[in-house]
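The block underneath contains the structure these notes are about, expressed in structure tokens.
Rule-based calculations on the coordinates, nothing more; no lab input. Computed from a prediction, not measured in an experiment: that's the story for all the values here. Cβ placement follows ideal geometry from the backbone for every residue including glycine, while neighbour counts extend to all protein chains displayed.
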Amino acid sequence: MNPKMNRSLLVVSLLVALAMFLAACGGGATPTTAPVQPSGQATTAPQPAGEKLGVGIVLPTKDEPRWLQDEARFKEALTKAGYEVEILFSQGDSGKEKANVESLITKGVKVLIICPQDGTAAAAAAEAAKAAGVKVISYDRLIRDTEAVDYYVTFDSVAVGEAWGQYLIDNASGTGNNLYLYAGAPSDNNAFLFFEGAWNKLQPKIADGTFVIKNSSEAVALKDTAKLSRDEMAKIINQVTTEWKFDTAKNLAEANLTAAAAADKGTVFIVAPNDGTARAIADAFAADKDVTQYFVTGQDAEKASVQYIIDGKQSMTVLKDVRTLVDDAITAAVAYLSGGTPEKTNSYNNGKVDVPAKPSAIVTVTKDNVKAAIVDSGYYPAADFTGLP
Ligand code: BGC
């Protein structure tokens with residue numbers, strides 16, 4: 001099905017399900033937030049107090065650009081459907097995240113779409129929601145170590161890491177290529193899935209001498225182990241974590257470069273875990289006079305990184321089309337609101353249970369396909385960039 005048609009169908013089904021839900025729980029009452037007129041203008045009529053919202057959304061932080069994309073895409077999809085749901089940000093604080101969830105429970109949400117700041121810490125919030133009869137959809141990041149997660153809406157995060165590994169392999173030749181590894185925050189389950197994917201591809205090429213790891217003694221110690229346990233991965237991730245922060249990424253890259261000999265530089269291959277950290281790491285490597293060429297990965301197709309790719313300053317990104325994830329989340333919420341269950345093609349173990357999921361595909365973006373993948377696909381307008389190929 002064409003994605004546009006898919007989205008309009010979703011919008012219609014969302015409307016129908018919300019109407020059914022509202023009729024069921026409030027005798028046809030209107031949602032707490034103002035319905036949007038076809039003109040796109042919100043109505044100004046005051047909403048009666050105590051009415052119930054069907055769906056609440058909690059996102060981790062406004063400080064990592066990725067989540068602003070999700071907020072914008074949720075608003076876009078829901079406005080089209082004529083509804084607004086409340087989107088709350090936890091600002092990197094699991095306490096605030098729990099308070100956000102409690103406030104949505106009080107408002108009477110029936111479905112919670114939540115992207116945890118810290119996968120394990122969010123278990124308490126999920127359990128509070130579950131205890132109140134709310135369906136819990138873990139969004140993009142998996143809530144860990146609890147049974148209180150009904151569904152997981154996600155991209156194929158192992159495939160993201162595999163795309164990084166494959167990209168670096170495709171650009172390397174001979175043996176002894178300098179490899180630098182960086183990871184996301186260990187509190188984010190995705191950091192493990194991304195790393196697992198990268199290791200799936202890179203480990204055989206480390207074992208055969210194509211790459212030599214330059215910045216992680218833990219990874220070097222495990223270089224002959226094809227499948228790492230979570231604890232083994234944690235050892236490496238803890239050593240090379242960026243915490244998803246630009247500054248941490250920059251400082252770590254600079255410290256690694258300071259410790260490395262000139263022979264460990266020259267042409268380098270860098271696993272960077274997302275676009276924000278990739279730009280910080282790329283800038284640090286670009287500033288080192290002993291680095292003559294670098295290949296660096298990323299993900300999220302942030303606008304600044306798309307521009308970096310066009311300018312030759314970042315080598316690749318992984319497009320995770322947030323419109324798809326938002327549609328998947330809305331579809332799952334609609335299924336619950338109308339008494340059904342969302343589609344499952346896969347499941348992810350969260351340390352306690354296997355959580356059903358239907359992971360979405362990802363796309364590798366380089367200078368060669370940036371125009372087709374980002375602009376021609378309608379993801380971002382050409383006017384947002386300069387020098388498009
Ligand atoms: C998301 C990435 C994002 C990162 C930092 C991960 O869980 O999957 O898209 O870049 O968090 O916010």
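Values for this structure:
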read-out: Lysine pairs in the stretch 109-220 with Cα atoms under 19 Å, if 8 or more residues apart or on separate chains; value: 4
read-out: Fluctuation leader among 315, 305, 103 - the chain, Gaussian network, Cα springs under 10 angstrom; value: 103
read-out: Theoretical gain in end-to-end length, residue 225 to residue 346 [0.36 nm per residue, Cα-Cα removed]; value: 41.0 nm
read-out: Order of 281, 237 under a 10 Å beta carbon neighbour criterion, fewest first; value: 237, 281
read-out: Cross-link reach list, aspartates and glutamates versus residue 245, counting only Cα pairs under 12 Å and skipping chain neighbours closer than eight places; value: 63, 64, 275
read-out: Beta bridges by DSSP in the stretch 164-280, antiparallel share as percent, to the nearest 5; value: 0
read-out: Sorted peptide list for 138-144, 62-68, criterion being average Cβ within 10 angstrom, highest first; value: 138-144, 62-68
read-out: Burial order of peptide ranges 105-114, 370-379 (average beta-carbon count within 10 Å, highest first); value: 105-114, 370-379
read-out: Computed [θ] at 222 nm, deg cm²/dmol, the chain (DSSP H ≥ 4; -39,500 (n - 2.57); rounded to nearest 500); value: -13000 deg cm²/dmol
read-out: Under DSSP loop assignment and at most 14 Cβ neighbours within 10 Å, longest GluC sites (Glu not before Pro)-free interval of the chain; value: 148-342
read-out: Beta bridges per DSSP with both ends in the chain, % antiparallel, nearest 5; value: 25
read-out: Candidate lysines - alpha carbon under 20 Å from residue 80, same-chain residues fewer than 8 apart omitted; value: 4
read-out: Max mean-square fluctuation residue, GNM over the chain, Cα-Cα springs under 10 Å, options 222, 181, 88; value: 222
read-out: Helix axis angle, 157-171 relative to the chain longest principal axis, alpha carbon, degrees; value: 30
read-out: Partner lysines for residue 313 [C-alpha distance under 16 Å; skip if fewer than 8 residues away on the same chain]; value: 250, 289, 303, 367
